[in-house]
Structures are given as structure tokens and as C-alpha cells.
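The values are calculated or read from the model by the stated rules, or taken from the named source; none is laboratory data. What you are looking at is a predicted structure, and each value in this text was computed from that prediction instead of being measured.
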Amino acid sequence: MGAPCTKTTLAKSGNVHVERCSCGLVSLHLGSMSLRLEKEVVEQLTSTLAIAMLRNRELNRAQQTQTAQTHQPNLCLVPDLPESGTG
């Protein structure tokens, strides 16, 4: 039996924690769920998530633009009222 693996924290933010194991695997901890993945899989996951989030931002912007165009306030111009003179 070999030596036990040692882990090094690569990044941590909120409920997300990423560790590198001395055996070469990467542990991804998301709240109470943990995944042990090969480096190449983590790289694919990172690229896929980045593309998905960029696409999500585009869709949100398009939706906000559409919502703004369809929910414009009902404004109308009111003609100037004649000034009432005192005299």
C-alpha cells in the first residue's frame, strides 16, 4: 500500500473549494457534494461553465432589453394650457 494522498487547496470561495491531490486528481467540493476528477475533466468543466455563463449573460441582456421595450410607461403629451391672466 502506498503513502496516503496529500491535498493542497487551490482555491476556495464561499461553498466552493478546490483541492489538488498528490495522486493528480482534483477534488471539487460544492457545499455537501464532492467530486474527484481528473485534471482534463476539470479543464473541460471549466471551459463549458465559462461558455454557459457567457451565453446566460447574453440571454439575460436580451430578455432585459425585450422587457424594457414591451413595458414602457404609457406617457402622452399634454397640450400647453393657456395661462390664466389676472386682470
Within the stretch 1-26, work out how many residues are closer than 17 Å to Leu49 by Cα and small (Gly, Ala, Ser). 2
Confirm whether Glu58 is under 22 Å from the mean Cα position of the chain (by Cα), at pLDDT 90 or above and among the acidic types (Asp, Glu). yes
